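Q: Sharing a structure with you now.
What follows is calculated from the coordinates using simple rules that are stated; it is not laboratory data. Just so we're clear, the structure is a prediction, and the values are computed from it rather than from any experiment. Reconstructed Cβ throughout: ideal geometry from the backbone, glycine too, with neighbour counts over all protein chains shown.
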Number of protein chains: 2
Amino acid sequence: MARTKDPTIRSLLINRAAQMLGAREPITLRSLVAGTGLSTMAVYTYFGGMDGLWKAVRQEGFTRLAARLDEVSPSADPVRDLAALGAAYLSNALAEPDLYRTMFDAGFELEDAAAADEALHRLVHAVERAKAAGRFDHGVDPLELATQSWTIGHGLASLIVIGPLPRQALAHGVPMLTALFTSAGDDPGRCRRSVERGWRP
Amino acid sequence: MARTKDPTIRSLLINRAAQMLGAREPITLRSLVAGTGLSTMAVYTYFGGMDGLWKAVRQEGFTRLAARLDEVSPSADPVRDLAALGAAYLSNALAEPDLYRTMFDAGFELEDAAAADEALHRLVHAVERAKAAGRFDHGVDPLELATQSWTIGHGLASLIVIGPLPRQALAHGVPMLTALFTSAGDDPGRCRRSVERGWRP
DNA sequence: TCCTAAAGCATAGCAATGTTATGTATTGTG
DNA sequence: CACAATACATAACATTGCTATGCTTTAGGA
């Protein structure tokens, strides 16, 4: 009964925005559609305006983060896996710093908040596996410990990517995660070895 | 040999910008000077443009943070003081979330980077006092441990103020700082009590 | 004490921004 | 096959930060 939207155009614009973000080019309505053969109205058809575009770009950021986390294949050592997930979070932030920054813009509004929850859930699952393996105490709440791991990873990423810390501050990840997981009940020496093995940001 | 700038106007504009930030009003060149009797050129005379204004606002954010940290009076328990400094950092971020957010905008460019260093130095000093009191191991590097405390405080603040965590996630501060300070050598039980006493965000 | 030059500051216009009104072309559906 | 709803282009709009220009003020040497 009418023309239908082409989903290709939607992802084309999102990818182009992400690419311009990485190239540090200013993203304006006109510069975004320039060279694509599209008019500025396309942004309104597919995103309702620039706000909607940014929201979609943030979503894309979480999608790419999820892809990074998926590259971490579970091993026999769940504490190593926890550290590896944290390292993947840092890798993602450092690989595309401007995309990472926009992910936390504008009050964290997302189209699909479940994407962020799902990323966190990978951490929760790793904590559960560590508990099942007897590495953490029974009293440990997986969601709480996962949130605390996220806080450390995000704090580091934010201070390095956005803030004043140099890249070598990445090394703080090992002692901080070791301290956290040790306080959750893991054996200190074994914990440090596991974290060091997983921490490859 | 010429007219001189009035420093009053400078701080007037900075304070007005901070107030508008808190009121969630959009800060534009014209809206900023509206009602002040000044013309838009004042922003160029005193800040060189909007970029300079934002830089000055970020600086103001660190000044207010420093004032918050100064309200933490050193006690006989340096570990409590460390937690109190972290709590003050959180209080500052939660009291003026939009100002906190702008502090980490635009690649952290500041007029006077020493202001940020000085804030960190308060943490370093507290760690040194804790070492002198025999609470932390001799091998502990004060700057490293201070940076790690900051990472935890900033990670929490960022995820609560900008990100998706609810305010009650503030409670994570106690176990996280306890884990960190315990790994630095403090006695677990004593450490937790100290942190709990200082953590009043 | 003037005179002068440099700086503060207002006015007005500029290019660029996001948005919207309007018209045209396309295509799924009855 | 006809129609109507929707994609999409064109063009105008208000608002943004910025700059060119000129007037006013004032510090500092004669």
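Q: Where residues in the stretch A:144-201 are at the interface with chain B (Cβ under 9 Å from one of its Cβ atoms) and part of a loop (DSSP other than H, G, I, E, B), which of them is surrounded by the fewest Cβ atoms within 10 Å (Cβ to Cβ)?
A: Within the stretch A:144-201, the match that is surrounded by the fewest Cβ atoms within 10 Å (Cβ to Cβ) is A:164.
Q: Please find, within the stretch B:43-81, the residue that is farthest from DNA strand D (Cβ to nearest atom) out of those that are over 22 Å from residue B:110 (Cβ atoms) and surrounded by 13 or more Cβ atoms within 10 Å (Cβ to Cβ).
A: My answer is B:77.
Q: What are the pairs with Cβ atoms under 8 angstrom where one residue, in the stretch A:1-12, is in a loop (DSSP other than H, G, I, E, B) and the other, located anywhere, is within 13 Å of DNA strand C (Cβ to nearest atom)? Sequence gap at least six, or different chains.
A: Short answer, once both residue conditions are applied: A:5/A:45; A:5/A:46.
Q: Further question: Kindly list, by first and then second residue, each pair from a residue in the stretch A:153-165 that is in contact (Cβ under 8 Å) with a residue 24 or more places away in the chain to a residue that is of a type in the set (A, V, I, L, M, F, W, C) and part of a loop (DSSP other than H, G, I, E, B), limited to pairs with Cβ atoms under 6 Å and residues at least 6 apart or on different chains.
A: Close Cβ pairs satisfying both conditions: A:162/B:104.
Q: Got a number for residues in the stretch A:1-34 being more than 14 Å from DNA strand C (Cβ to nearest atom) and under 17 Å from residue A:52 (Cβ atoms)?
A: Selection size over the stretch A:1-34: 6.
Q: If you scan the stretch A:7-32, which residues turn out to be over 24 Å from the mean Cα position of the chain (by Cα) and surrounded by 12 or more Cβ atoms within 10 Å (Cβ to Cβ)?
A: If the condition is that a residue be over 24 Å from the mean Cα position of the chain (by Cα) and surrounded by 12 or more Cβ atoms within 10 Å (Cβ to Cβ), then A:9, A:28, A:29, A:31, A:32 are the ones that fit.
Q: Further question: Can you run down the residue pairs with Cβ atoms below 9 Å, 6 or more apart or on separate chains, where the first is in the stretch A:45-71 and without any contact (Cβ under 8 Å) to a residue 40 or more places away in the chain and the partner is β-branched (Val, Ile, Thr) and near DNA strand C (Cβ under 10 Å from one of its atoms)?
A: From residues that are without any contact (Cβ under 8 Å) to a residue 40 or more places away in the chain, the pairs are A:49/A:43; A:50/A:27; A:50/A:28; A:50/A:43; A:52/A:43.
Q: Only one residue in B:66, B:34, B:84 is closer than 21 Å to residue B:182 by Cα and of a type in the set (Gly, Ala, Ser), so which one is that?
A: One residue alone meets the criteria, B:84.
Q: Let me confirm something: among A:8, A:4, which residue is among the polar types (S, T, N, Q) and within 8 Å of DNA strand D (Cβ to nearest atom)?
A: The conditions single out A:4.
Q: A further question on this structure: Step by step: first the residues of the stretch A:129-139, then only those that are part of a loop (DSSP other than H, G, I, E, B) and crowded, with 20+ Cβ neighbours inside 10 Å, then the one that is farthest from the other protein chains (Cβ to nearest Cβ). Which residue is that?
A: Ranking the candidates gives A:135 first.
Q: With the requirement that a residue be acidic (Asp, Glu) and assigned to a helix (DSSP H, G or I), what does the stretch B:96-128 give you?
A: Passing the criteria: B:98, B:117, B:118, B:128.
Q: Do you know which residues across the stretch B:13-42 are more than 10 Å from DNA strand D (Cβ to nearest atom) and either part of a helix (DSSP H, G or I) or among the β-branched types (Val, Ile, Thr) (or both)?
A: Within the stretch B:13-42, B:13, B:14, B:15, B:16, B:17, B:18, B:19, B:20, B:21, B:22, B:36, B:42 qualify.
Q: Here are some conditions: (1) more than 16 Å from DNA strand D (Cβ to nearest atom); (2) small (Gly, Ala, Ser); (3) more than 14 Å from every other protein chain (Cβ to nearest Cβ). Residue A:86 meets all but one. Which one does it not meet?
A: (3)
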